[in-house]
Amino acid sequence: MHVLGIDIGGSGIKGAIVDAETGDMITERYRLETPDGAKPADVATVVGQVARHFDWTGPIGCTFPAVIRNGVAYSAANVDDSWIGTDAKALFEEATGCQVTVINDADAAGIAEIVFGAGKDQQGVIIMLTLGTGIGTALFVDGHLLPNAELGHIEMNGGDAEQQAAESARKRESLSWKKWGKRLNQYFQALEFLLSPDLFIVGGGVSKKSEKFFKYIETRAPLAVAQMLNEAGIIGGAMAAHAIFQSGDDGEFDHRVILAG
Ligand code: BGC
């Protein structure tokens, strides 16, 4: 089944048509800038433009960087506060005229990695992290997702871990790889203490430079670089929409359908 995957990020809104059963993108990615301030109505307009670019009338799977339950956003760490309580699903359906599934961005990336990427055929507890403007996390046990884990915001040194250890903190504070790597080490060790994972999968654009910082992270669990890089969100979003479609449910997606398929 073909689904339009749309990944909403802080700087860009990217879409592509995906074969949700194989995880292959069957078109080029189309990217538009995220509007300044990223307010709901403006983001919805761009989502509509992406759908129109593909002349799309089928199902859409959309990622969003917040807690999402039944299509509604419940947090707004790096987006406008007015998203809290916004029915993103209804908003994007109005903008596109299509059936839309909305899912947290890290959960989407994790689903794609678990089914087709670095977590394929791996059992046990897996933590997927996306290091970017924020820190996104997705938790899996034997391939089953625990949705909306917000472990980027655990307390570290009396503050929010994300503020200190996201890729944006490295850039904002012009940290050396070593200094940032040591902060990440503290953060990864805190996660390991809390959850004893079998594997960490590290994504986000900076994961392309893993040789610069993996050496500072001293966890018992191995680290794997995400394999789908920029495309994981688009593909995972499409997979979530496909799962909803298959289950005939218009509510929250059923990750077991994805993983059984
Ligand atoms: C948000 C998460 C999101 C992550 C990555 C965090 O600030 O709270 O929901 O997954 O950023 O975008």
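Some points to look at:
- Residue check for residue 79: within 16 Å of the ligand (Cβ to nearest atom) and under 21 Å from residue 138 (Cα atoms): yes
- Residue in the range 209-216 that is over 24 Å from residue 239 (Cα atoms), away from the ligand (no atom under 16 Å from the Cβ), under 20 Å from the mean Cα position of the chain (by Cα) and not β-branched (Val, Ile, Thr) present: yes
- Single residue of the range 75-115 satisfying the filter (touching a Pro at 6+ places or on another chain (Cβ under 8 Å) and acidic (Asp, Glu)) that is modelled with the lowest pLDDT: 80
- Selection of the range 59-76 for residues being aliphatic (A, V, I, L, M) and either within 13 Å of the ligand (Cβ to nearest atom) or more than 18 Å from residue 45 (Cβ to Cβ) (or both) yields 66, 67, 68, 72, 73, 76.
- Cβ-Cβ distances below 7 Å connect the following pairs, each with a first residue in the range 70-86 that is over 14 Å from residue 148 (Cβ atoms), a second residue that is of a type in the set (Val, Ile, Thr) and near the ligand (Cβ under 9 Å from one of its atoms), and a separation of six or more residues or different chains: 78/133.
- Filter result for the condition that a residue is within 14 Å of the ligand (Cβ to nearest atom) and hydrophobic (A, V, I, L, M, F, W, C), over 44, 88: 88
- Hey, residue 152 closer than 24 Å to residue 209 by Cα, touching a residue at least 60 places away in the same chain (Cβ under 8 Å) and outside any strand (DSSP E or B) or not: yes
- Condition check for residue 229: more than 14 Å from the ligand (Cβ to nearest atom) and closer than 23 Å to residue 65 by Cα: yes
- The set of residues from the range 155-167 being open to solvent by 30 Å² or more (accessible area, probe 1.4 Å) and touching a strand residue (DSSP E or B) at 6+ places or on another chain (Cβ under 9 Å) comprises 163, 164.
Conditions tested, residue by residue: (1) closer than 30 Å to residue 25 by Cβ; (2) at pLDDT 95 or above; (3) not small (Gly, Ala, Ser).
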{"site": "180", "(1), (2), (3)": "no, yes, yes"}
{"site": "184", "(1), (2), (3)": "yes, yes, yes"}
{"site": "193", "(1), (2), (3)": "no, yes, yes"}
{"site": "201", "(1), (2), (3)": "yes, yes, yes"}
{"site": "205", "(1), (2), (3)": "yes, no, no"}
{"site": "214", "(1), (2), (3)": "yes, yes, yes"}
{"site": "223", "(1), (2), (3)": "yes, yes, yes"}
{"site": "230", "(1), (2), (3)": "yes, no, yes"}
{"site": "247", "(1), (2), (3)": "yes, no, no"}
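- If you go through the range 155-179 and keep only what is assigned to a loop (DSSP other than H, G, I, E, B) and near the ligand (Cβ under 10 Å from one of its atoms), you end up with just 166.
The values are calculated or read from the model by the stated rules, or taken from the named source; none is laboratory data. Since this is a predicted model, take the numbers as computed values, not measurements. FYI the Cβ positions are ideal-geometry reconstructions off the backbone, even for glycines, and counts take in every protein chain you see. Just so you know, the surface numbers come from the protein's heavy atoms only, side chains and all, with ligands and any DNA or RNA stripped out. Shrake-Rupley method; radii C 1.70, N 1.55, O 1.52, S 1.80 Å.
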